[in-house]
Amino acid sequence: MTNEKLDYLNEKLKPLGMALSQSDLGLFLTDGSLSINVDFREMLPRLKQSNLQRELLVKAARIKGQEMPQTIVDATAGFGEDSLILAAAGFKVQLYEFDEIIATLLKDGLERAGAIPELADAVSRMELICGDSTKALRSLDYKPDIVLLDPMFPARQKSALIKKKFQLIQRLESPCSTERELLDAAFTASPKRIVIKRPLKGPYLADEKPAYSLSGKAIRYDCFVIARF
(Lines give C-alpha, C1' and ligand atoms only; values in the text may rest on other atoms or scores of the structure.)
Protein backbone atom coordinates (compact mmCIF):
# COMPACT_ATOMS: atom_id res chain seq x y z
CA MET A 1 0.00 0.00 0.00
CA THR A 2 1.28 3.48 -0.83
CA ASN A 3 1.95 5.98 1.94
CA GLU A 4 -0.64 8.29 0.35
CA LYS A 5 -3.37 5.64 0.59
CA LEU A 6 -2.40 4.81 4.16
CA ASP A 7 -2.53 8.48 5.15
CA TYR A 8 -5.95 8.86 3.47
CA LEU A 9 -7.42 5.90 5.34
CA ASN A 10 -5.94 6.99 8.65
CA GLU A 11 -7.59 10.38 8.27
CA LYS A 12 -10.91 8.57 7.99
CA LEU A 13 -10.13 6.50 11.07
CA LYS A 14 -8.91 9.35 13.25
CA PRO A 15 -12.41 10.35 14.53
CA LEU A 16 -12.93 6.72 15.60
CA GLY A 17 -9.71 6.60 17.58
CA MET A 18 -8.23 3.94 15.32
CA ALA A 19 -5.41 3.69 12.81
CA LEU A 20 -3.87 1.38 10.24
CA SER A 21 -0.24 0.39 10.51
CA GLN A 22 1.97 -1.59 8.14
CA SER A 23 4.52 -4.17 9.30
CA ASP A 24 6.36 -7.20 7.95
CA LEU A 25 3.38 -9.27 9.13
CA GLY A 26 0.88 -7.27 7.10
CA LEU A 27 -1.59 -4.46 7.61
CA PHE A 28 -3.06 -4.00 11.10
CA LEU A 29 -6.02 -2.05 12.47
CA THR A 30 -5.50 -0.82 16.03
CA ASP A 31 -7.08 1.44 18.62
CA GLY A 32 -4.00 1.46 20.80
CA SER A 33 -5.03 -1.52 22.90
CA LEU A 34 -6.64 -3.95 20.46
CA SER A 35 -5.00 -4.86 17.17
CA ILE A 36 -6.24 -7.10 14.34
CA ASN A 37 -5.33 -8.09 10.80
CA VAL A 38 -6.39 -10.68 8.25
CA ASP A 39 -4.13 -13.72 8.51
CA PHE A 40 -5.55 -16.74 6.72
CA ARG A 41 -2.75 -19.01 7.95
CA GLU A 42 -4.76 -19.39 11.15
CA MET A 43 -7.43 -21.21 9.12
CA LEU A 44 -5.18 -23.88 7.60
CA PRO A 45 -6.42 -26.70 9.89
CA ARG A 46 -10.03 -26.05 8.81
CA LEU A 47 -9.06 -26.12 5.14
CA LYS A 48 -7.98 -29.75 5.04
CA GLN A 49 -10.25 -31.61 2.63
CA SER A 50 -11.42 -34.03 5.31
CA ASN A 51 -12.51 -31.09 7.47
CA LEU A 52 -14.06 -29.10 4.63
CA GLN A 53 -16.54 -31.85 3.88
CA ARG A 54 -17.88 -31.51 7.43
CA GLU A 55 -18.23 -27.73 7.30
CA LEU A 56 -21.90 -26.81 7.69
CA LEU A 57 -21.42 -23.83 5.38
CA VAL A 58 -20.16 -26.07 2.57
CA LYS A 59 -23.13 -28.39 3.05
CA ALA A 60 -25.54 -25.45 2.97
CA ALA A 61 -24.03 -23.91 -0.15
CA ARG A 62 -23.25 -26.90 -2.37
CA ILE A 63 -25.92 -27.70 -4.96
CA LYS A 64 -26.15 -31.46 -5.37
CA GLY A 65 -25.78 -32.81 -8.89
CA GLN A 66 -24.06 -29.69 -10.23
CA GLU A 67 -20.41 -29.75 -11.21
CA MET A 68 -17.85 -27.53 -9.52
CA PRO A 69 -16.84 -24.80 -9.50
CA GLN A 70 -20.21 -23.45 -8.49
CA THR A 71 -20.30 -19.66 -8.35
CA ILE A 72 -21.02 -17.73 -5.16
CA VAL A 73 -21.48 -14.06 -4.40
CA ASP A 74 -20.51 -13.37 -0.79
CA ALA A 75 -22.44 -10.12 -0.38
CA THR A 76 -21.14 -9.37 3.13
CA ALA A 77 -17.53 -10.53 3.02
CA GLY A 78 -16.17 -9.04 6.25
CA PHE A 79 -12.76 -10.61 6.88
CA GLY A 80 -13.37 -13.31 4.28
CA GLU A 81 -13.18 -16.45 6.42
CA ASP A 82 -16.37 -17.97 5.04
CA SER A 83 -15.35 -17.16 1.48
CA LEU A 84 -11.99 -18.83 2.00
CA ILE A 85 -13.68 -21.99 3.28
CA LEU A 86 -15.93 -22.06 0.23
CA ALA A 87 -13.07 -21.37 -2.19
CA ALA A 88 -11.00 -24.14 -0.59
CA ALA A 89 -13.98 -26.47 -1.11
CA GLY A 90 -13.91 -25.66 -4.83
CA PHE A 91 -16.39 -22.79 -5.18
CA LYS A 92 -15.59 -19.68 -7.21
CA VAL A 93 -16.32 -16.74 -4.91
CA GLN A 94 -16.89 -13.08 -5.65
CA LEU A 95 -16.61 -11.11 -2.41
CA TYR A 96 -18.24 -7.73 -1.77
CA GLU A 97 -17.27 -5.57 1.20
CA PHE A 98 -18.84 -2.14 1.60
CA ASP A 99 -16.52 -0.69 4.26
CA GLU A 100 -13.30 0.62 2.72
CA ILE A 101 -11.17 -0.08 5.81
CA ILE A 102 -12.32 -3.69 6.13
CA ALA A 103 -11.93 -4.22 2.37
CA THR A 104 -8.36 -2.89 2.56
CA LEU A 105 -7.49 -5.27 5.40
CA LEU A 106 -9.06 -8.16 3.48
CA LYS A 107 -7.18 -7.25 0.29
CA ASP A 108 -3.91 -7.25 2.23
CA GLY A 109 -4.73 -10.65 3.73
CA LEU A 110 -5.60 -12.15 0.34
CA GLU A 111 -2.42 -10.85 -1.25
CA ARG A 112 -0.26 -12.42 1.46
CA ALA A 113 -2.26 -15.66 1.37
CA GLY A 114 -1.77 -15.90 -2.37
CA ALA A 115 1.96 -16.32 -1.78
CA ILE A 116 1.45 -19.28 0.60
CA PRO A 117 1.40 -22.60 -1.29
CA GLU A 118 -1.27 -24.17 0.96
CA LEU A 119 -3.61 -21.21 0.36
CA ALA A 120 -2.78 -20.09 -3.17
CA ASP A 121 -5.21 -22.41 -4.95
CA ALA A 122 -8.18 -21.31 -2.86
CA VAL A 123 -7.25 -17.63 -3.13
CA SER A 124 -7.09 -17.95 -6.92
CA ARG A 125 -10.85 -18.60 -6.86
CA MET A 126 -11.60 -15.45 -4.82
CA GLU A 127 -12.26 -12.01 -6.30
CA LEU A 128 -12.68 -9.05 -3.93
CA ILE A 129 -14.72 -5.97 -4.81
CA CYS A 130 -14.98 -2.97 -2.51
CA GLY A 131 -18.53 -1.74 -3.00
CA ASP A 132 -22.20 -1.92 -2.13
CA SER A 133 -23.44 -5.44 -2.80
CA THR A 134 -27.10 -4.38 -2.71
CA LYS A 135 -26.45 -2.32 -5.83
CA ALA A 136 -24.11 -4.84 -7.42
CA LEU A 137 -26.53 -7.76 -7.04
CA ARG A 138 -29.10 -5.86 -9.08
CA SER A 139 -26.73 -5.37 -12.02
CA LEU A 140 -24.58 -8.51 -12.25
CA ASP A 141 -23.77 -9.61 -15.80
CA TYR A 142 -24.19 -13.25 -14.80
CA LYS A 143 -26.45 -15.35 -12.59
CA PRO A 144 -24.55 -16.76 -9.61
CA ASP A 145 -25.42 -20.22 -8.36
CA ILE A 146 -25.50 -19.08 -4.73
CA VAL A 147 -25.68 -15.79 -2.84
CA LEU A 148 -24.30 -15.82 0.71
CA LEU A 149 -25.55 -13.26 3.24
CA ASP A 150 -24.02 -12.73 6.68
CA PRO A 151 -25.18 -9.30 7.86
CA MET A 152 -23.72 -8.16 11.14
CA PHE A 153 -25.98 -9.12 14.00
CA PRO A 154 -26.20 -7.02 17.18
CA ALA A 155 -24.15 -8.51 20.00
CA ARG A 156 -26.10 -9.93 22.91
CA GLN A 157 -26.19 -7.43 25.76
CA LYS A 158 -25.25 -10.19 28.21
CA SER A 159 -22.03 -10.96 26.31
CA ALA A 160 -19.31 -9.73 28.65
CA LEU A 161 -16.54 -10.18 26.13
CA ILE A 162 -16.76 -10.01 22.34
CA LYS A 163 -13.86 -11.29 20.28
CA LYS A 164 -11.47 -8.41 19.71
CA LYS A 165 -12.01 -8.68 15.97
CA PHE A 166 -15.67 -7.78 16.34
CA GLN A 167 -15.04 -5.08 18.92
CA LEU A 168 -13.17 -3.12 16.29
CA ILE A 169 -15.31 -4.09 13.30
CA GLN A 170 -18.51 -3.00 15.04
CA ARG A 171 -17.01 0.46 15.36
CA LEU A 172 -16.64 0.56 11.59
CA GLU A 173 -19.86 -1.13 10.53
CA SER A 174 -23.19 -0.98 12.28
CA PRO A 175 -25.42 -4.05 12.55
CA CYS A 176 -27.50 -4.51 9.42
CA SER A 177 -30.44 -2.10 9.28
CA THR A 178 -31.42 -2.77 5.67
CA GLU A 179 -32.31 -6.45 5.93
CA ARG A 180 -35.19 -6.23 3.48
CA GLU A 181 -33.10 -4.39 0.91
CA LEU A 182 -30.28 -6.90 1.20
CA LEU A 183 -32.55 -9.92 0.84
CA ASP A 184 -34.47 -8.38 -2.05
CA ALA A 185 -31.20 -7.65 -3.86
CA ALA A 186 -30.15 -11.28 -3.41
CA PHE A 187 -33.39 -12.47 -5.00
CA THR A 188 -32.95 -9.99 -7.86
CA ALA A 189 -29.61 -11.64 -8.76
CA SER A 190 -31.59 -14.81 -9.65
CA PRO A 191 -29.36 -17.38 -7.95
CA LYS A 192 -30.40 -20.98 -7.51
CA ARG A 193 -29.94 -20.68 -3.75
CA ILE A 194 -29.61 -17.99 -1.10
CA VAL A 195 -27.77 -18.98 2.08
CA ILE A 196 -28.07 -16.75 5.14
CA LYS A 197 -25.80 -17.14 8.16
CA ARG A 198 -27.59 -16.42 11.44
CA PRO A 199 -27.09 -16.93 15.16
CA LEU A 200 -28.63 -20.24 16.18
CA LYS A 201 -31.62 -18.66 17.95
CA GLY A 202 -31.71 -15.45 15.92
CA PRO A 203 -34.75 -14.34 13.91
CA TYR A 204 -35.06 -14.90 10.18
CA LEU A 205 -33.53 -12.18 8.03
CA ALA A 206 -36.27 -9.63 7.23
CA ASP A 207 -38.67 -12.04 8.99
CA GLU A 208 -38.84 -14.20 5.85
CA LYS A 209 -38.99 -17.94 6.46
CA PRO A 210 -36.54 -20.00 4.36
CA ALA A 211 -37.20 -23.29 2.61
CA TYR A 212 -35.08 -25.07 5.22
CA SER A 213 -32.29 -24.50 7.73
CA LEU A 214 -29.11 -26.33 8.74
CA SER A 215 -28.15 -25.78 12.36
CA GLY A 216 -24.88 -26.21 14.25
CA LYS A 217 -24.01 -25.53 17.87
CA ALA A 218 -24.02 -21.73 17.57
CA ILE A 219 -24.76 -20.94 13.91
CA ARG A 220 -27.73 -21.60 11.64
CA TYR A 221 -27.82 -21.44 7.84
CA ASP A 222 -31.20 -20.48 6.38
CA CYS A 223 -31.56 -21.60 2.76
CA PHE A 224 -33.88 -20.30 0.06
CA VAL A 225 -34.18 -22.46 -3.06
CA ILE A 226 -35.12 -20.58 -6.22
CA ALA A 227 -36.42 -22.20 -9.39
CA ARG A 228 -35.13 -20.78 -12.68
CA PHE A 229 -37.35 -20.76 -15.71
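Relative to the longest principal axis of the C-alpha atoms of the chain, give the angle of the C-alpha long axis of helix 179-188, reported between 0 and 90° and rounded to the nearest 10°.
60
Can you divide the C-alpha Rg of the chain by 2.2 N^0.38 Å and report the result to two decimal places?
Details: Rg = 17.5 Å, N = 229, 2.2 N^0.38 = 17.3 Å.
The value comes to 1.01.
Can you flag which of Lys48/Lys217; Lys59/Lys143; Lys14/Lys209; Lys64/Lys217; Lys192/Lys217; Lys14/Lys192 are past 32 Å Cα-Cα? Walk me through the numbers before you get to the answer.
Working: Lys48/Lys217 21 Å; Lys59/Lys143 21 Å; Lys14/Lys209 41 Å; Lys64/Lys217 24 Å; Lys192/Lys217 27 Å; Lys14/Lys192 43 Å.
Exceeds cut-off: Lys14/Lys209; Lys14/Lys192.
What does the extension gain come out to for Leu44 and Ala120, with contour length at 0.36 nm per residue minus their alpha carbon separation?
Details: separation 76, 0.36 × 76 = 27.36 nm, distance 1.17 nm.
Length difference between fully extended and current span is 26.2 nm.
Helix 100-113 against the longest principal axis of the chain: what's the angle in degrees, Cα atoms only, rounded to the nearest 10?
It is inclined by approximately 80 degrees.
Beyond a 26 Å Cα-Cα separation, which of these cross-linked pairs lie in this structure: Lys135/Lys197; Lys12/Lys197; Lys12/Lys107?
On the way: Lys135/Lys197 20 Å; Lys12/Lys197 30 Å; Lys12/Lys107 18 Å.
Result: Lys12/Lys197 exceed 26 Å.
Between Met68 and Asp132, what length comes free when the chain is fully extended (0.36 nm per residue of separation minus the Cα-Cα distance, one decimal in nm)? Walk me through the numbers on the way to the answer.
Working: separation 64, 0.36 × 64 = 23.04 nm, distance 2.70 nm.
Going from the current span to full extension adds 20.3 nm.
Enumerate the residues in the range 74-106 having an amide nitrogen under 13 Å from the point lying 7 Å beyond the Cα of Tyr8 toward its Cβ.
So the set is 100-101, 104.
Tell me, in nm to one decimal, what length is gained between Ala227 and Arg180 on full extension, where the rule is 0.36 nm per residue of separation less the Cα-Cα distance?
Working: separation 47, 0.36 × 47 = 16.92 nm, distance 2.05 nm.
Result for the pair: 14.9 nm of gain on full extension.
Just how far, in whole angstrom, is the range 1-34 from the range 67-136 if you go by their alpha carbon centroids?
With the range 67-136 and the range 1-34 each reduced to a Cα centre, they are spaced 21 Å.
Note the angle between two axes, namely the Cα long axis of helix 3-13 and the longest principal axis of the Cα atoms of the chain, as a number of degrees from 0 to 90, rounded to the nearest 10.
80
May I ask you to derive the FRET efficiency for Ser190 and Asp99 from their Cβ-Cβ distance with R0 = 25 Å, giving the value to the nearest 0.05? Could the numbers behind the result be given before it?
Values: r = 27 Å, r/R0 = 1.06.
Given R0 = 25 Å and the Cβ-Cβ separation, E is 0.40.
So for each of 112-120, 218-226 I average, over its residues, the number of other beta carbons within 10 Å; can you give me the resulting order with the highest mean first? Walk me through the numbers before you get to the answer.
Details: 112-120: 14.4, 218-226: 16.7.
Ranking, from highest mean packing down: 218-226, 112-120.
Given a Förster radius of 41 Å and the C-beta distance between Gln22 and Ser139 as r, what FRET efficiency does 1/(1 + (r/R0)^6) yield to the nearest 0.05?
Values: r = 34 Å, r/R0 = 0.84.
Calculated value: 0.75.
Farthest toward the dipole's positive end in the chain, which of Cys130, Phe28, Ser215, given Cβ charges of +1 (Lys, Arg) and -1 (Asp, Glu) about the Cα centre?
Ser215
Calculate, for the range 1-68, the solvent-accessible area per residue in square angstrom, rolling a 1.4 angstrom probe over the heavy atoms of the protein chains.
64
Looking at the square roots a ≥ b ≥ c of the eigenvalues of the Cα gyration tensor of the range 66-118, which shape do they give, rounded for a/c under 1.5, prolate if a/b is larger than b/c, or oblate?
Values: a/c = 2.93, a/b = 1.31, b/c = 2.23.
It is oblate, given that a/c is not under 1.5 and a/b is not larger than b/c.
In the chain, what % of DSSP beta bridges are antiparallel (nearest 5)?
Numbers: 18 of 34 bridges.
Looking only at bridges with both residues in the chain, the antiparallel portion is about 55 percent.
The values are calculated or read from the model by the stated rules, or taken from the named source; none is laboratory data. This structure is a prediction, so every number in the text was calculated from the model and none was measured. Ideal geometry is used to build each Cβ from the backbone, glycine not excepted, and the neighbour counts take in all protein chains shown. These area figures cover heavy atoms from the full protein model, side chains too; ligands, DNA and RNA do not enter into them. Shrake-Rupley method; radii C 1.70, N 1.55, O 1.52, S 1.80 Å.
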